[in-house]
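Below is one structure, written out as structure tokens; the observations come after it.
Bear in mind these aren't lab numbers, they're just calculated from the coordinates by the rules spelled out. Since the model is a prediction, treat every value here as computed from it, not as a measurement. Glycine also receives a Cβ, built like all others from the backbone with ideal geometry; neighbour counts cover every protein chain displayed.
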Amino acid sequence: PAQNAADGPFPKAELHLHIEGTLEPELAFALAERNGVTLPYATEDELRRAYSFSDLQSFLNLYYALMAVLRTEDDFADLTHAYLARAQAQGVRHAEIFFDPQAHTARGVPVGTVIEGLTRALDTAEERYGITTRLIMCFLRDESAESALATFEAARPYLDRITAVGLDSAEVGHPPSKFAEVYALAREAGLKCVAHAGEEGPPSYVWEALDVLGVDRVDHGVRCLEDEKLVARLVADQVPLTVCPLSNVRLRVIGELADHPLPAMLEAGLLVTVNSDDPAYFGGYADDNFTAVRDALNLDEETLRTLARNSFRASFLDEPTREAYL
Ligand code: HPA
Ligand code: ZN
């Protein structure tokens, strides 16, 4: 359908979104109060001033610390409702949402509490927000392969709510091949597979994600441009890359938005999508990312439409639903 400014943000799918990365300072303080958790920041403003990152790890330190406020099913449901409301306002019609079970089980919150809370909100998403959803369970790559296996087994009773497994957290030093076994189990169980690769890590990590883990999509993947053969492979197989422009700037993966390789990636024939990653921390949700790249890179209407179309093409929606968006 034709869209213009009066219709609001055009329809898009969000394919790279960590639900814990949607925890806004306001909700963090409210949940801290509700759960009797003391945050190491006195005010929301003081917390926001901590959102100045030098790399992925410096962000992850704050990201994991702030999660201490998430304790009950209600907390996870409230977090998810807050995200869905914002996503709706940004034109998101479909969202494939990451969560990090080990970041919660490590604090004594059972995986069932996390999944029940998230799905309670997600079960209302279509009716309340007009958003279809999928859940992607991520393993923390800086934890052991055994911990990932134990997490997968603990989540087995809930696999009917989970569409895919993913891999996130500190990349360098933790190549995808470390998780070959748990990905094989996930594929046997009929799950799709994605993995963060080529954000801070080298192109070889993207190769491993493809050839060892058998991923259906690569999250980030921007460093693929350093390897011509890898680009050719990603283009030939039309492997989607879930690129996160504002995240890349805030985590200093690239210098500034005007230097972002997104246009070069499109030009190379890569199946690129635009996503928000951890919007509460990186300064914008889905449409904010579209608007920011449009302005910084002078993208025309046709390119923005291609990016939106790519987001549905790259999704795990069933074929007829996906086709209806294209
Ligand atoms: N990279 C790796 N791990 C993450 C990220 C990211 O951008 N966001 C949340 N966990
Ligand atoms: Zn991410």
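Structure values in brief
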{"read-out": "Total formal charge among the other residues, if their Cβ is under 9 angstrom from that of R120, Lys/Arg +1 and Asp/Glu -1", "value": "-4"}
{"read-out": "Residue order, fewest to most surrounding Cβ atoms within 10 angstrom, among L271, L70", "value": "L271, L70"}
{"read-out": "Inter-label distance, nm, simple model (7 Å from Cα along the C-beta direction), S54/E188", "value": "4.4"}
{"read-out": "Likely footprinting exposure, C244, C193, fewest C-beta neighbours within 10 Å first", "value": "C193, C244"}
{"read-out": "Environment charge at L257 (Cβ cut-off 13 Å; Lys +1, Arg +1, Asp -1, Glu -1)", "value": "-1"}
{"read-out": "222 nm mean residue ellipticity, helices alone, for the chain (DSSP H n ≥ 4; -39,500 (n - 2.57); rounded to 500)", "value": "-13000 deg cm²/dmol"}
{"read-out": "Contact order relative to length of region 94-251, as percent, for alpha carbon pairs under 8 angstrom and 6 or more apart", "value": "17"}
{"read-out": "Inter-label distance, nm, simple model (7 Å from Cα along the C-beta direction), A264/A89", "value": "3.6"}
{"read-out": "Proxy reagent accessibility, fewest Cβ within 10 Å first, across S204, S52, S315", "value": "S52, S204, S315"}
{"read-out": "Reach of K12 by Cα under 22 Å, taken over lysines that are not fewer than 8 positions away in the same chain", "value": "K192"}
{"read-out": "Size descriptor, Kirkwood hydrodynamic radius, that averages inverse alpha-carbon separations across the chain, Å", "value": "19.8"}
{"read-out": "Region 1-94: C-alpha gyration tensor shape, a/c 1.5 cut-off, then a/b vs b/c", "value": "prolate"}
{"read-out": "Förster-model FRET efficiency, 30 Å R0, R128 and D211, C-beta, rounded to 0.05", "value": "0.15"}
